[in-house]
1. Under the definition of partner shielding as Cβ atoms of other protein chains within 10 Å of a residue Cβ, what is the mean value for peptide A:79-90?
2. Could you tell me the relative contact order of the stretch A:165-294? Use alpha-carbon pairs under 8 Å, at least six residues apart, and round to a whole percent.
3. If you count, for every residue in A:98-107, the Cβ atoms of partner chains within 10 Å of its Cβ, what is the mean?
4. Considering amide H positions built from the backbone, and no H for Pro or chain starts, which residues 5 or more places from A:Ala273, or on another chain, come under 5 Å of its amide H?
5. How compact and how long is the stretch A:165-294, expressed as Rg and Dmax of its alpha-carbon atoms in Å?
6. Which of these, A:Ala39, A:Ala128, A:Ala264, has the largest mean-square fluctuation under a Gaussian network model of chain A (Cα springs below 10 Å)?
7. Please name which of B:Ile246, B:Phe293, B:Gly276 has its Cα lying farthest along the dipole of the stretch B:216-314 towards the positive end, using unit charges on Cβ (Lys, Arg +1; Asp, Glu -1) and the Cα centre as origin.
8. Cα atoms only, chain B: Rg and Dmax in Å?
There are 2 protein chains.
Amino acid sequence: MSIRDLARHLDISIGTVSRALNGKADVNPETRERVLEAAKRLGYVPNQSGRSLRQGTTNTIGFMIESTIETADAGGSFFMPVFEGVQSVFRRHHLDLVALLCGTDEDPASYLNRVVGRRFVDGLIISATMRHDPRIDFLLERKIPFVALGRSATRGDYSWIDLDFEGVAATAVTRLAGFGHRRIAIGTPASDLNLGYVFLDGYKRALAANGIGFDPSLILPANGNEEGGYQVACRLLAQEPMPTAIILVNENMAVGLYRRLYEAGLQPGRDIAVIGFRESTQSRFLSPTLTCFRISLRDLGIKLAEAMLSALPAFEGQYPRETVELIWPMQLVSGESDRPGSPSGLA
Amino acid sequence: MSIRDLARHLDISIGTVSRALNGKADVNPETRERVLEAAKRLGYVPNQSGRSLRQGTTNTIGFMIESTIETADAGGSFFMPVFEGVQSVFRRHHLDLVALLCGTDEDPASYLNRVVGRRFVDGLIISATMRHDPRIDFLLERKIPFVALGRSATRGDYSWIDLDFEGVAATAVTRLAGFGHRRIAIGTPASDLNLGYVFLDGYKRALAANGIGFDPSLILPANGNEEGGYQVACRLLAQEPMPTAIILVNENMAVGLYRRLYEAGLQPGRDIAVIGFRESTQSRFLSPTLTCFRISLRDLGIKLAEAMLSALPAFEGQYPRETVELIWPMQLVSGESDRPGSPSGLA
DNA sequence: GTGAAAGCGCTAACAA
DNA sequence: TTGTTAGCGCTTTCAC
């Protein structure tokens, strides 16, 4: 069922059918009615390849996520709500969102090259930005509209939105210092992810602001998943003297950390102060409740979508060209894990 | 940079360039070499719309996931490893996988209609099958190659792969009955998801096989997330007498259930027997350890991909046409949560 | 307000 | 072995 079939069926030219379907002004209202009715009845949907070839746009935005060891199990729970937010904006503009899954065994840069070269999407959202990220250079050079979820040391005129890692670090360190802690460890990503550097910087500055010296041995790199959190706890327990507090920069670590602490007979809040990263469905059900940071991932997705639209030439009218550089605030959710109190449930 | 530009640059015809790039036999090795070299050097990648329009295929497979309340946070951790497996197979055949995200506010059927009508993908993998699933009828009618992740009461000649819910039910019930339990509750999905029906059937049969009467009040429907698990626990606690065992059919429920039990001063394994569903990174770190079922999601993805290839006419040579109807086994992982023993950590 | 026709980038059939 | 050309489905200009 092509536009030609539809035109033949209605006994009018395919040009008129096209104009009717695309809401052009110069078409008889009666004719338009007939066309729309027939299209609906016959289930006609325009072939995207045909449209794309002609118009040079696909009306599709790609959201590239890599399924690395970091994101394989865990990342999904982060991205899904973000997608949902992105999509709620795109739908209003008849844009479709597809998740582009770069597999573990494929080079992100060459994957990107293929996707872009094929003209598969009109724009891209990239995530898991690296400190030095060749994807950014590539996209800038090819003049592909894109937005980065995450900052990078790679400079240029592009929009990015990132979580407020330094704010989290500052708030957490200051809070713990206020409770009297001096040996505050951090669990950071083991990879070259830019967020690790940003978080570390914030941590160092916050230490200084609170008059606490920096001790490199308190930095505990690990994978950003439950297993990594477990390992962080192991390394904590091995230190002499043991740090009295730990801040995590990944939401999945807390579960593993808790587990290891329990195995050692230690309780968060009583024996060691724990501040987790993002509040998640998991963390909400930990005992004792986890002190962590709240963020609306859906709203983040909405902002990402708007930044994307501002980068798309086709939407210049509705979303004026603008470079967004936004640090997304996170809000402290006070729990029982970082100070003595009345932990629930567990004896 | 189109094929025309490339041809002009090399001063040969675009037909020859096309053949060289597509590995056709009838092209001078020397010419091919020149073409490939130039294409690489100039960063030429064929425009997918042009190819698709001409060939009628897109070399892209869509994996449709709905971001419902069930999957919003939780589903990601299930799907990511599956994607990874699917992709590992597709890559060998130069197929790309895209995740098609049907938003909460969009009707899955009309979303599907749009995707299919536009000829966006050559084939589809659908998930979260409903007991009566209009998507299946639609795809069968339009003769779109597809594979369903999940069974459905909707019949027809199509491939599906599903988890072994009845096997899980049988194993869990039999195991609990062996430990002496008679009042065994189940936490099932609140929606019309087909897996709920399959699981319930298996549960009933297993009860009968173990000489236990069926009591409808032991069926506790809830959302398949942590919150749902919490609610299941609340309803358990409210029953008089309280069931002595609970089987969950969703991996995310266990965390919330544990939480509520702790709040009530009850411990899995000691005060109530708990069998979770899928072993996950979360569940692995619960205390006491959760008795649950292991599955390789990556292998599941590989099988899905192979079933998809068997449904694609273009791959008839390598993957003969075949209808796969496969129930994927899950393997019991014995933990401390379903019987008295030596629970770790918690007093 | 409508029809005719060009052409987006590509592949495949055919001609040379 | 290579060049030429038709045409995939669509939108858009240009006549009418």
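1. 4
2. Contact order relative to length: 25 percent.
3. Neighbouring Cβ atoms belonging to other protein chains average 6 per residue here.
4. A:Ala245, A:Ile246
5. Just the Cα atoms of the stretch A:165-294 yield Rg and Dmax of 13.0, 35 Å.
6. Largest GNM mean-square fluctuation: A:Ala39.
7. Comparing the listed Cα positions along the dipole, B:Phe293 ranks first.
8. Every Cα atom of chain B included, Rg and Dmax give 25.2, 86 Å.
Only the coordinates and a few stated rules stand behind these numbers; no lab work does. The model shown is predicted, which means the values in this text are computed figures rather than measured ones. Note: ideal-geometry Cβ built from the backbone for every residue, glycine included; neighbour counts use all protein chains shown.
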